[in-house]
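Asks: Quick one: the structure is below, questions incoming.
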Amino acid sequence: NAGVTQTPKFRVLKTGQSMTLLCAQDMNHEYMYWYRQDPGMGLRLIHYSVGEGTTAKGEVPDGYNVSRLKKQNFLLGLESAAPSQTSVYFCASSFSGSTLYNEQFFGPGTRLTVL
Amino acid sequence: SQQGEEDPQALSIQEGENATMNCSYKTSINNLQWYRQNSGRGLVHLILIRSNEREKHSGRLRVTLDTSKKSSSLLITASRAADTASYFCAVESNDYKLSFGAGTTVTVRA
């Protein structure tokens, strides 16, 4: 099993450009998450999904959109990139939202720089 | 908002010593989890402790939870160079979302 994979690993954008980050998991997990990690701030939740066809806002959703058309994929879109979106982006998945089984599995991250 | 807050921010120890880091949170929780992140990598789940549990062990890891003080600690015994990483606590409150702290950076010196 590959676990959680993210594409691309690195990307440099100019202000105003758009891009999509792809997350894929092969563990048949229901729940998927997008986080951003900035120095000294830990991880902040951008958007999440509790199942195919569903999405919801997290702590810092502004400037991002997401889609979960297939259970195994979770896409994060930046429509008009801004320098404030320079960050490392992590995707994660979990079997369910149950308190008993909420261990999250993380991808390797995408390092995004917006100039 | 971040619920889990780790202390200290950074820790440097000699190989073979124990490392202890703490996590404090603000509201009631369903569970508390600890993750490790090696430089340039994603987070890896270490251990989950439920709100009705007080202590849990996994290999060289020992986690305690004191819900009356809203705090948790992670102890790594007999540290190794491979334990050099950042450690994050994450709390799950009344929903299934996790709130992460800023992490403790642990350096194990040979």
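Asks: Show log10 I(q)/I(0) for region B:71-110 at q = 0.16, 0.26 Å⁻¹, two decimals, from a solvent-free Debye sum over equal Cα scatterers.
Replies: With one equal scatterer per Cα and no solvent, log10 I(q)/I(0) is -0.51, -0.93.
Asks: Here's something else I'd like to know. Could you state how much accessible area B:Ser39 has, in square angstrom rounded to the nearest 10, with a 1.4 Å probe and all protein chains kept in place?
Replies: 120
Asks: Could you compute the net charge surrounding A:His29? Neighbours are other residues with a C-beta less than 13 Å from the C-beta of A:His29; K and R count +1, D and E count -1.
Replies: Within the 13 Å Cβ shell, the charges total -1.
Asks: Could I ask something else about it? Any idea of B:Glu5's accessible area? Nearest 10 Å², probe 1.4 Å.
Replies: Taking all protein chains as shown, B:Glu5 has close to 90 Å².
Asks: Going out from 0 in 10 Å bins, what whole percent of all Cα-Cα distances in chain A drops into each bin?
Replies: 15, 50, 30, 5, 0
Asks: Expressed as a whole number of Å, what is the distance separating the alpha-carbon centroids of region A:15-74 and region B:46-110?
Replies: Result: 25 Å between the Cα centres.
Asks: Taking trypsin sites (Lys or Arg not before Pro) that fall in a DSSP loop and have at most 16 other Cβ atoms within 10 Å as cut points, what is the longest piece of chain B between them?
Replies: Excluding the exposed sites themselves, the longest stretch runs over B:81-110.
Asks: Kirkwood hydrodynamic radius of region B:20-79 from all distinct Cα pairs, in Å?
Replies: Averaging 1/r across every pair of different Cα atoms and inverting gives 12.1 Å.
Asks: Across peptide B:90-102, how many C-beta atoms of other chains are within 10 Å of each residue C-beta, on average?
Replies: 5
Asks: Give me the 1.4 Å probe accessible area per residue for chain B, excluding ligands and nucleic acids, in Å².
Replies: 47
Asks: Tell me, what is the per residue accessible area of region A:4-98 in Å², probe radius 1.4 Å?
Replies: 45
Asks: Using the Cα atoms of the protein assembly as shown to build a convex hull, what is its mean projected area in square nanometres?
Replies: 12.0
Asks: At 10 °C and 1.306 mPa s, what whole-number value in µm²/s does Stokes-Einstein give for the translational diffusion of chain B, with Rh from the Kirkwood sum over Cα pairs?
Replies: 115
Asks: Excluding ligands and nucleic acids, what accessible area in Å² is computed for B:Leu43 using a 1.4 Å probe, to the nearest 10?
Replies: 10
Asks: Packing-wise, with mean Cβ within 10 Å as the measure, how do A:109-115, A:36-42 rank, highest first?
Replies: Those peptides, ordered most packed to least, come out A:109-115, A:36-42.
Asks: How much of the accessible area of chain A, in percent, comes from carbon and sulfur atoms when a 1.4 Å probe is used?
Replies: Looking at chain A in its full context, I get 54 percent from C and S.
The values are calculated or read from the model by the stated rules, or taken from the named source; none is laboratory data. Keep in mind the model is a prediction, meaning the values are calculated, not measured. All Cβ positions, glycine included, derive from the backbone under ideal geometry; neighbour counts span all protein chains shown. Heads up: the accessible areas ignore ligands, DNA and RNA and are worked out on the full protein's heavy atoms, side chains in. Shrake-Rupley method; radii C 1.70, N 1.55, O 1.52, S 1.80 Å.
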